[in-house]
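Asker: Before we start, here is the structure in question, set down as structure tokens.
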Amino acid sequence: MKTIHFIILIIVSLAITSCEKMIEVNIPNDQIDKETVFKDVQTANAALAALYADAMKSSPIAGGDLETYLSAYTDELDNFTTVSSDSRDLFLNQQIDTNSIVYNVWATAYKHIYSANSIMEGVTASTGISASDKRYLSGEALFVRSIMLFYLSQLYGDIPYPESTDYMINNTINKTNFAQVLSNLEKDLLKVSSLLENDYRNSERIYPNRLAARLLLAKVYMAKQDWNKTENILKEIAQSGLYQIEPDITKVFQKTGKHIIWQLKPNNNLSLPQAGIYYFNNSAPSSYALTNALINSFSNDDLRKQKWIAPVVFNGVTYYRAEKYKNRGGNNLTEYSIIFRLEEVFLLLAEALTQQDKIVEALPYVNATRQRAQLNLLTSSITKSALLDEILIENKREFFTEVGHRFIDLKRMGKLNNLQTTKPNWKDIHKLWPIPQKEILLNDNLKPQNPGY
């Protein structure tokens, strides 16, 4: 146990140091004997577990964190706070490069990237870990690094792409342009695909498997508009036999679903932040409520509106809160934070097929979520343009307040500027966030700042 605590302490302390100066680490590699730290699979697993726990607590994929800010940044959540704050600035699309949220998303993501790199280096250097164990340890760490870099690139565009813990390199690292980031992610995720197995290490699917990495790779290909490669990967996932759509709308956010591809487990059976952050009752909202634009995208017959959204009437005004996760009592035995689920595979596949004019083939995938919601099914008479619009709206109804989906979907489809109809301050520059001022002051190679900031 002392060894396990030691490895967690080293990983976390180094990561915190990296957070303070972009990805700079003030402790040279030769001061850490990674062969000693990663002496066996037990200590390596402890380091990996610490990485997942920290990602659950604070990262771009942490429940209730970035997804809340991006939902308010787009058109899913209204912010009802009455005092000036960095979160309200994001809601109003008035963020600047000193915004603390803009900085914290960057810094925490690079903290996890550094930790993942440290694990990969330690596992590689270890003489006490078997080759088979090294495969999943390295594969999962590289997957975590990849998902952090994917979100960073979506938010900031050109970003540093650190592939080691070498402090001499990381002190002055240059930005990698967005197109090259996608190519690097493609390479890395192909490697992850070769290291991980389809079978899960845990029946609760709290560790990513090979198909989780394939889904992230498909999202990279979607960003590159490589529809054919996307189609092939998503069909592989959909036809794997490991997953099936959850037919009961009330069970979609329970941890046992066969539709879940990857989820994060909260510590000590605590309630998820998503269950509490959107909650209000018998009052007007004091922080967030769902927008009228989102509510109006549902028909009254849509089961998602009935089961995932709760109306709250106060002083004659009806507000709406998100009700996807429901355990708020602190003793949570049924809900984990879902990152990837099969419904995303289906809607991405429908989009990739439609982009290739395969309308008839795309329809069953977009109709799967509509059928579960008890909506009328789309038919083959629909045009390509209309079907793409329907897929975007279906994504909005299916994934509201989940892991930044709306922002990424609008960006991928080139429709972020559509937000100008509901967001008065939205400008073209808001397709990207500014690089945090703190980081540019520490590393001149992060210039130029993103346009407009």
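Asker: Using Cα pairs closer than 8 Å and at least 6 residues apart in sequence, work out the relative contact order for the range 23-180, in percent.
Answerer: Result for the range 23-180 is 32 percent.
Asker: Using Cα pairs closer than 8 Å and at least 6 residues apart in sequence, work out the relative contact order for the range 269-322, in percent.
Answerer: 40 percent
Asker: Moving on. Convex hull over the alpha-carbon atoms of the range 36-196: what's its volume per residue in Å³?
Answerer: Hull volume over Cα atoms, normalised by residue count, gives 126 Å³.
Asker: Once each part is reduced to its C-alpha centroid, what is the distance from the range 104-149 to the range 208-258 in angstrom?
Answerer: After rounding, the separation between the Cα centres reads 23 Å.
Asker: Would you be so kind as to identify which of ASN79, ALA179, ILE169 lies farthest towards the positive end of the dipole of the range 36-196, taking Lys and Arg as +1 and Asp and Glu as -1 on Cβ and the Cα centre as origin?
Answerer: Of ASN79, ALA179, ILE169, it is ILE169.
Asker: Can you find, among GLY404, ILE393, ASN198, the residue farthest towards the positive end of the dipole of the chain? Put +1 on the C-beta of Lys and Arg, -1 on that of Asp and Glu.
Answerer: Of the candidates, ILE393 comes out farthest on the positive side.
Asker: What are the radius of gyration and Dmax of the range 156-308, computed over its Cα atoms and given in Å?
Answerer: When restricted to the Cα atoms of the range 156-308, Rg and Dmax are 20.0, 59 Å.
Asker: Taking the range 138-214 on its own, what percent of its Cα-Cα pair distances exceed 15 Å? Can you show the working numbers first?
Answerer: On the way: 1688 of 2926 pairs.
Here the long-distance tail beyond 15 Å is 58 percent of all Cα pairs in the range 138-214.
Asker: Tell me which DSSP H helices of the chain clear both cut-offs, 15 Å or more of axial length from alpha-carbon atoms and a mean Kyte-Doolittle hydropathy of at least 1.0.
Answerer: Counting only whole DSSP H runs, the qualifying helices are 2-20, 210-223, 342-355.
Asker: Follow-up. How large, in percent, is the carbon and sulfur part of the accessible surface of the chain at a probe radius of 1.4 Å?
Answerer: Carbon and sulfur together cover 49 percent of it.
Asker: Assuming R0 = 41 Å, can you tell me the calculated FRET efficiency for the pair ASN202 and THR81, based on Cβ-Cβ distance, to the nearest 0.05?
Answerer: According to the calculation, E is roughly 0.60.
Asker: Hey, what's the per residue convex hull volume over the C-alpha atoms of the range 237-344, in cubic angstrom?
Answerer: 118 Å³
Asker: With just the Cα atoms of the range 269-322, tell me how far they stretch along each of the three principal axes, in Å, largest first.
Answerer: Projected onto its principal axes, the Cα set of the range 269-322 covers 35, 27, 16 Å.
Asker: Where nothing but the Cβ of Lys and Arg (+1) and of Asp and Glu (-1) is charged, how large is the charge dipole of the chain around its Cα centre, in debye to the nearest 20? If you can, show how the numbers build up before the last one.
Answerer: Working: 48 positive and 49 negative charges, 127 e Å.
In total the dipole reaches around 620 debye.
Asker: So who's got an amide H within less than 5 Å of the one on TYR320, skipping anything under 5 residues away but keeping other chains? H placed 1.01 Å off N, in plane.
Answerer: LEU290, VAL312
Asker: Over all Cα pairs of the range 97-145, how is the pair count split among 10 Å bins, expressed in % and running from 0 up to the last occupied bin?
Answerer: In whole percents, the pair-distance histogram is 26, 38, 20, 12, 3.
Asker: Still on this structure, please answer the following. Relative to the compact-globule scaling 2.2 N^0.38 Å, provide the ratio for the alpha-carbon radius of gyration of the chain.
Answerer: Computed over Cα atoms of the chain, the ratio equals 0.96.
The values are calculated or read from the model by the stated rules, or taken from the named source; none is laboratory data. Please read all numbers here as calculations on a predicted model, not as lab measurements. Heads up, the Cβs are rebuilt from the backbone with ideal geometry, glycines too, and the neighbour counts pull from every protein chain shown. Heavy atoms of the whole protein, side chains included, go into the accessibility calculation; ligands, DNA and RNA do not. Shrake-Rupley method; radii C 1.70, N 1.55, O 1.52, S 1.80 Å.
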